Amino acid sequence: MGAIYLIRHGQASFGAADYDQLSETGFTQARVLGESLAARVPQADLVVCGGMRRHRQTAETALAAMGRDAAWEEDAGWAEYDHVAVLAAYRAPREAMQQLETDPAHARDPRRVFQQTFAAAVQRWASGQHDQDYPESWPAFCSRVAEALQRLRERLGRSQTALVYTSGGPISVVAQRLLSLPAEQAFQLNWTLANCGVTKLIYSDRGLYLSSLNEHACFEGTHASLITYR
């Protein structure tokens, strides 16, 4: 059996001018993950990054903690969907938007309020009813990820190991496909994926299978404060 480890990036910089970079917590998560992978994955035949800055920073930090050279190949097929475009295309009712703006909860917990709005925007995107509103539709995104996975699988020989540094969206799409889940459940998975969580796929001549989803035990116990989801 060969193995493909899909690794979600560390915590990005929510609320900063540039979201696409790791926060201080994100760098720590990547280091702790790398220390855990050093014993778990002593040999990696191929390392791939989705090409986003947070992917590269996670890979560089984790690989250094593993004692490996920070070398990888980039494949934009593993990049996250454009969340800015998904939000921009969302048209919430005026009353709902005004309520969000005036709700005291917005000031108390902007992350929660953002998540509510973002979840609704993603649901609209994934519904398939408004594909023309997006530079990359949900079906196109799913196809891109499937093609990236196929390219990777074709490059791997028998019983080899690959590390893929990517985002929650592509991981959710892969899990949804391998579990034969309906599209609306892909993002139910996505919301639960921990930063620097690991999803393991195994493959053989008979096919490709999901072995584990969202492993993040290395952050439990003394590192519990490092468990984040956004």
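The values are calculated or read from the model by the stated rules, or taken from the named source; none is laboratory data. Source: prediction; values computed, not measured. Cβ atoms come from the backbone with ideal geometry, glycine included; neighbour counts cover every protein chain shown. Note: areas computed on protein heavy atoms with side chains; ligands, DNA, RNA excluded. Shrake-Rupley method; radii C 1.70, N 1.55, O 1.52, S 1.80 Å.
Some values worked out for this structure:
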| read-out | value |
| --- | --- |
| Helix-only CD estimate at 222 nm, as mean residue ellipticity for the chain, using -39500 (n - 2.57) per DSSP H run (n ≥ 4) | -13500 deg cm²/dmol |
| For the chain, built as a Gaussian network whose Cα springs stay under 10 Å, the top-fluctuating residue of Arg155, Arg56, Arg206 | Arg206 |
| Gained length - Ser180 relative to Val113, 0.36 nm times residue gap less alpha-carbon distance | 21.0 nm |
| Separation of alpha-carbon centers, the stretch 20-36 and the stretch 195-220, rounded to whole Å | 19 Å |
| Separation in nanometres of the label points that stand 7 Å from Cα toward Cβ, at Asp131 and Glu73 | 3.0 nm |
| FRET efficiency, Gln123 to Gln150 (Cβ-Cβ, R0 35 Å, nearest 0.05) | 0.80 |
| Where labels lie 7 Å past Cα in the beta-carbon direction, separation of His223 and Arg53 in nm | 2.5 nm |
| The chain - share of DSSP beta bridges that are antiparallel (%, nearest 5) | 50 percent |
| Label zone at His83 (point 7 Å along Cα-to-Cβ), backbone N below 13 Å, the stretch 111-130 | 111-122 |
| Candidate residues His83, His9: accessible-area rank, largest first, probe 1.4 Å | His83, His9 |
| Exposure of Ser225 as accessible area (Å², to 10), given a probe of 1.4 Å and all protein chains | 100 Å² |
| Gyration tensor verdict on the chain (Cα atoms; rounded if a/c is under 1.5, prolate if a/b is larger than b/c, oblate otherwise) | oblate |
| Solvent-accessible area per residue, Å², over the chain with all protein chains present [probe radius 1.4 Å] | 49 Å² |
| Residue with peak Gaussian network fluctuation, the chain [Cα springs, cutoff 10 Å], from Val174, Val48, Val113 | Val113 |
| The stretch 108-230: C-alpha gyration tensor shape, a/c 1.5 cut-off, then a/b vs b/c | oblate |
| Low-density loop cleavage sites - chymotrypsin sites (Phe, Trp or Tyr not before Pro) in the stretch 1-49, where at most 16 other Cβ are within 10 Å (DSSP) | Phe14, Tyr19 |
| Sequence of Trp78, Trp72 from largest to smallest accessible area, 1.4 Å probe | Trp72, Trp78 |
| Degrees separating the helix 110-126 axis from the principal Cα axis of the chain, which is the longest one | 80 degrees |
| Accessible surface of the stretch 167-207 [probe 1.4 Å, protein heavy atoms]: carbon and sulfur percent | 49 percent |
| In Å², nearest 10: area of Asp131 left accessible to a 1.4 Å probe | 50 Å² |
| Unit charges on C-beta of K, R, D, E only; dipole of the chain, Debye | 400 debye |
| Accessible area of Tyr209 in the full protein assembly, 1.4 Å probe (Å², nearest 10) | 90 Å² |
| Spacing of the two label points (7 Å from each Cα toward its C-beta) at Leu46 and Arg230, in nm | 3.5 nm |
| DSSP-loop GluC sites (Glu not before Pro) across the stretch 20-91, with at most 11 other Cβ within 10 angstrom | none |
